[in-house]
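*Asks:* Got a structure for you, written out below as C-alpha cells; questions coming shortly.
The values are calculated or read from the model by the stated rules, or taken from the named source; none is laboratory data. All of these numbers come straight from a predicted model, not from anything done at the bench. So basically every Cβ, Gly included, is an ideal-geometry build from the backbone, and we count neighbours across all protein chains shown.
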Amino acid sequence: MLLPARLSAPPPGWARYADVVVVGSGIAGLTAALRIREALATADRGSADPTVLVVTKDQLSAGSTQWAQGGIAAALGPEDTPEEHLRDTLLAGAGVCDPEAVRVLVTEGPEAVRELIALGAAFDRDPAGMLALTREGGHHRDRIAHAGGDATGAEIQRALVAAIRAHPDIEVIEHAMALDLIPGADGGVAGVTLHVLGEGQRDGVGAVHCRAVVLASGGLGQVFAATTNPAVATGDGTALALRAGAVLRDLEFVQFHPTVMWLGGDSRGQQPLISEAVRGEGAFLVDDAGVRFLQGEHELADLAPRDVVAKAIKRRMRDRGSDHVWLDARHFGAAKWERRFPTILATCRAHGVDPVTDLIPVVPACHYASGGVVTDLVGRTSVPGLYACGEVACSGVHGANRLASNSLLEGLVFARRIAAHLGDALPPRREPAPDRRTPGLVAPAARDRIQATTSALVGVLRSADGLARATGELVEVCALAATDEPAAAAWESTNLLTVAAALVTAAAAREETRGSHWREDFADADDAWRGHLDLTLEPTAGGSRISSTFRPSLDHSPLLVPEGSA
Ligand SMILES: Cc1cc2nc3c(=O)[nH]c(=O)nc-3n(C[C@H](O)[C@H](O)[C@H](O)COP(=O)(O)OP(=O)(O)OC[C@H]3O[C@@H](n4cnc5c(N)ncnc54)[C@H](O)[C@@H]3O)c2cc1C
C-alpha cells in the first residue's frame, strides 16, 4: 500500500536542548525519566548537569497506565518462581516470545515491583501484612499484585507522578505532542519535533535537540472504533518510529480483551473494561441461553488465555446470532464486590447494570498491542539514539499473545534497563541532517473511516478477502483525505492511517492462526510461521510502501496448548 511521502513538521518556532527526551508519561515513561536522571547523575560526565525532559500529549496521567485494573504480575509469592512465570508467559506467547527477554522480565520483575513500592505505590495487603496476590487468565500461580482492589494503574500512576513532580531536576512539558523525529546526519536521531498547546512561550511547533529519545508513548487502541484504551492511544510512537526508519515487529498480534462491557451497537472510543481478575475470583461466562461455554474449550476454562476466551465468545456470538455474551459474578455478593472491585462496580452501576443482582453484558474489544517498535534487551531500536519501552515497544516478552498483567511489568523492567544503559553509554550529540521530507498529512475527518475499516475487517476475525478490502479502503483514505493543515488532529489521523496500514500488511502476510491473530481462512497454527514479521517503510516514487520480512522465532519451547488456541 502506498502511504503519503515522509512527513515534515512545519518549521519550528523555537528550539532547545535536553540530554534525553522521554516521550510519554505512563509507567514506562515516568519510570524511565526517574531512573535515567539517577543514572546520568551518578555516571561520570564531568561537570555537566544532565537534563531529562518528559513531553506528554495531554496531562501527565492521560495514558493507559491510569486505567489498569487487574494488577502487575511478578513472582512475589512464597511458592512462586520466576521459572514458572517464564513458563506461563512463553505458553501464552504461542512460540513467538524471545526467551531471553522473558527471562529478563520474570527475573528482574520482583525487584522492579519492590522498587515501585519503595517509591510510594501502596499495594493491597492480606491480614498478615503480606502482599495480596491474585490469579488471572493463563497464570498457574497467584502472582498478580493489585492496589485499591481494582485501581492498580491509578495508584501506580499517582505514585510516579508524585515522584516526578517532586523531582527538582526533571522537566515536564504537558500538552506537547511529539510529531516526528529529527534525523541526524549519520542516520541516527538528533531530536524530536513537538506540537505544544497552551504553554506560553513554547506554544506551537518546536524542536528539542538531544542525544537520545526514549519513546514511551503507549498503545494504538484508537485505531479501532471500540477499545479499552484512552483517547491518547493513537499509535503516534509506532508511526513516527516507522517514519524514522525503525523496524516494527509482530503488529498483527493485537489483543482483544474478552470482557469489555457491551454498551450497545454503535459504541465508539474508550469502553469500560471488566478486568480478568473478576474471572480470577470466580466469575464465569454464559451465553444467552445461560450455558457456560468455556468448559470444553481449554483446561483453564474461564481462566484460559485471552485469545482463547475472546475467540470462544466470538464463535458463540456467531453461532447464536447474539451481539454479546454475559459475565456472571452475582455469587460474589455485595460485600465482595465493594471490597475487591469497587471501580468496576461503580462503572457497571453508572451504566445501569448492578453486578450483585444482574449479569454483565460483555463483548471483546481492542485492548493491547503485543507488537511494536523492535528493541533489544536494553531498549535500543534499530535507529541509533532511539529507545523504546512499554506498550509502544516490542521487546519480545509477549510473543503472539500477552499474558495478563505482564505489560505494566514490562514497562517497569525495560525502562530501568534503558536507564542503566544510558548511564553507561549516552549517545553522542548528532548534527541534524538537512530535512528532505515533504508534507502529506491526512485530514482529521478520515479518522472514523479508518476506525470503521479496522474494526470491521482487521478485528478478532480476519480473512484474506476482508484484509484485501481493508487495504482498498485505506488506499482510498490516502488518496482522498490529504490536508495541508498541520494541526495535531491531522498528525493523529495520519498516525492512525499509518498504523492501520502496517496492521493490515502484517495480518495479511501471516497466513495462519496463532495467539491473538485469528485467520478464518487459515484456521490452524503452522510451524512454518513460527516467527516474527518485521515491517519497514520503504521510499518509492510518489510515497512510501510498507514491506514485511519473516524471521524465525528463537522460542523453541513446545506448544502445550491445542493447535490454534493460543
Ligand atoms: C483499561 C485497561 C486496563 C488494563 N489493565 C492492565 C492490568 O491490569 N495489568 C497490566 O499489566 N496491564 C494492563 N493494561 C495495559 C497497560 O495499562 C498498558 O499496557 C501500560 O499501562 C502501558 O504503559 P505505557 O507507559 O507504555 O503507556 P501509557 O500508560 O499508555 O502512556 C503513554 C503516554 O504517552 C503519551 N503519548 C502518546 N502519544 C504521544 C505523543 N505523540 N507525544 C507525546 N506523548 C504521547 C500519552 O499521553 C501517555 O502519557 C490495561 C490497559 C487498559 C487500557
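*Asks:* Take the residues in segment 43-60 that are modelled with pLDDT under 95 and touching a helix residue (DSSP H, G or I) at 6+ places or on another chain (Cβ under 7 Å), then tell me which one is nearest to the ligand (Cβ to nearest atom).
*Replies:* Applying the filter and picking the extreme gives PRO50.
*Asks:* Follow-up question, since we're still on this one. Within segment 414-435, track down each residue that is farther than 22 Å from ALA112 by Cα and acidic (Asp, Glu).
*Replies:* GLU431, ASP435
*Asks:* Test of understanding: among ALA147, ALA207, which residue is in the same structural domain as ASN406 (by TED's automatic domain parsing), at pLDDT 90 or above, in a loop (DSSP other than H, G, I, E, B) and buried (at least 18 other Cβ atoms within 10 Å of the Cβ)?
*Replies:* Every option except ALA147 fails the conditions.
*Asks:* Looking at GLU84, GLU79, which is the one that is in contact (Cβ under 8 Å) with a residue 12 or more places away in the chain, surrounded by fewer than 24 Cβ atoms within 10 Å (Cβ to Cβ) and under 30 Å from PRO552 (Cα atoms)?
*Replies:* Selected residue: GLU84, the only one of GLU84, GLU79 that is in contact (Cβ under 8 Å) with a residue 12 or more places away in the chain, surrounded by fewer than 24 Cβ atoms within 10 Å (Cβ to Cβ) and under 30 Å from PRO552 (Cα atoms).
*Asks:* Another question, then. Condition check: part of a helix (DSSP H, G or I), free of Cβ contacts under 8 Å to residues at least 12 places away in the same chain and either within 24 Å of GLY352 (Cβ to Cβ) or touching a strand residue (DSSP E or B) at 6+ places or on another chain (Cβ under 7 Å) (or both). Does ALA277 satisfy that?
*Replies:* When the stated conditions are applied, ALA277 does not pass them.
*Asks:* Then there is this: Would you confirm whether any residue within segment 400-412 is small (Gly, Ala, Ser) and closer than 11 Å to ASP376 by Cα?
*Replies:* no
*Asks:* Under the condition of being surrounded by fewer than 22 Cβ atoms within 10 Å (Cβ to Cβ) and hydrophobic (A, V, I, L, M, F, W, C), which residue from segment 403-440 is modelled with the highest pLDDT?
*Replies:* ALA420
*Asks:* Of the numbered conditions (1) assigned to a helix (DSSP H, G or I); (2) more than 14 Å from the ligand (Cβ to nearest atom); (3) within 26 Å of HIS257 (Cα to Cα), ALA39 fails exactly one; give the number of that condition.
*Replies:* With respect to (1) assigned to a helix (DSSP H, G or I); (2) more than 14 Å from the ligand (Cβ to nearest atom); (3) within 26 Å of HIS257 (Cα to Cα), ALA39 is out only on (3).
*Asks:* OK, next. Do we have any residue at all in segment 530-547 that's part of a helix (DSSP H, G or I) and either exposed (fewer than 15 other Cβ atoms within 10 Å of the Cβ) or within 19 Å of the chain's Cα centre (by Cα) (or both)?
*Replies:* No: zero hits.
*Asks:* For segment 411-429, which positions are assigned to a loop (DSSP other than H, G, I, E, B) and either in contact with a helix residue (DSSP H, G or I) (Cβ under 9 Å, 6 or more places away or on another chain) or closer than 22 Å to THR65 by Cβ (or both)?
*Replies:* Answer for segment 411-429, where residues must be assigned to a loop (DSSP other than H, G, I, E, B) and either in contact with a helix residue (DSSP H, G or I) (Cβ under 9 Å, 6 or more places away or on another chain) or closer than 22 Å to THR65 by Cβ (or both): just LEU426.
*Asks:* Filter segment 215-228 down to the residues that are more than 9 Å from the chain's Cα centre (by Cα), outside any loop (DSSP other than H, G, I, E, B) and within 11 Å of the ligand (Cβ to nearest atom) and list them by number.
*Replies:* Those that are more than 9 Å from the chain's Cα centre (by Cα), outside any loop (DSSP other than H, G, I, E, B) and within 11 Å of the ligand (Cβ to nearest atom): LEU215, GLN222, THR227.
*Asks:* Then there's this: Give the residue, chosen from GLY24, GLY95, GLY29, GLY63, that is in contact (Cβ under 8 Å) with a residue 24 or more places away in the chain, under 26 Å from HIS298 (Cβ atoms) and either touching a Leu at 6+ places or on another chain (Cβ under 8 Å) or within 13 Å of the ligand (Cβ to nearest atom) (or both).
*Replies:* That would be GLY95, the only listed residue that is in contact (Cβ under 8 Å) with a residue 24 or more places away in the chain, under 26 Å from HIS298 (Cβ atoms) and either touching a Leu at 6+ places or on another chain (Cβ under 8 Å) or within 13 Å of the ligand (Cβ to nearest atom) (or both).
*Asks:* How many of the residues making up segment 66-97 are outside any helix (DSSP H, G or I) and within 12 Å of ASN401 (Cα to Cα)?
*Replies:* The total comes to 4.
*Asks:* On to the next question. So which residues in segment 359-384 are crowded, with 24+ Cβ neighbours inside 10 Å and not in a strand (DSSP E or B), if there are any at all?
*Replies:* Those that are crowded, with 24+ Cβ neighbours inside 10 Å and not in a strand (DSSP E or B): SER370, GLY371, THR375, GLY379, THR381.
*Asks:* Do we have GLY269 as within 16 Å of the ligand (Cβ to nearest atom), at pLDDT below 95 and assigned by TED's automatic domain parsing to the domain that holds VAL356 here?
*Replies:* In short, yes.
*Asks:* Then there's this: So HIS139 ticks every box in (1) modelled with pLDDT under 95; (2) under 27 Å from ALA231 (Cα atoms); (3) not basic (Lys, Arg) but one. Which box is left unticked?
*Replies:* All conditions pass for HIS139, except number (2).
*Asks:* Taking ALA490 as the residue in question, decide whether it is free of Cβ contacts under 8 Å to residues at least 60 places away in the same chain, crowded, with 17+ Cβ neighbours inside 10 Å, of a type in the set (A, V, I, L, M, F, W, C) and not assigned by TED's automatic domain parsing to the domain that holds ARG306.
*Replies:* Yes: the conditions hold for ALA490.
*Asks:* Within the group ALA404, ALA393, ALA415, ALA420, which residue is in contact (Cβ under 8 Å) with a residue 60 or more places away in the chain and touching a strand residue (DSSP E or B) at 6+ places or on another chain (Cβ under 6 Å)?
*Replies:* Residue meeting the stated conditions: ALA393.
*Asks:* For segment 152-188, which residues satisfy the criterion of being within 15 Å of the ligand (Cβ to nearest atom) and assigned to a strand (DSSP E or B)?
*Replies:* Residues satisfying the conditions are ILE170, GLU171, VAL172, ILE173, ALA176, MET177, ALA178, LEU179, ASP180, LEU181, ILE182.
*Asks:* Here's another thing I want to ask about it. Can you report the number of residues in segment 304-328 which are crowded, with 23+ Cβ neighbours inside 10 Å, outside any helix (DSSP H, G or I) and touching a Gly at 6+ places or on another chain (Cβ under 8 Å)?
*Replies:* Total satisfying the criteria: 2.
This table checks each residue for (1) touching a Ser or Thr at 6+ places or on another chain (Cβ under 6 Å); (2) farther than 19 Å from ALA239 by Cβ; (3) acidic (Asp, Glu).
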{"site": "VAL460", "(1), (2), (3)": "no, yes, no"}
{"site": "SER463", "(1), (2), (3)": "no, yes, no"}
{"site": "LEU474", "(1), (2), (3)": "no, no, no"}
{"site": "ARG519", "(1), (2), (3)": "yes, yes, no"}
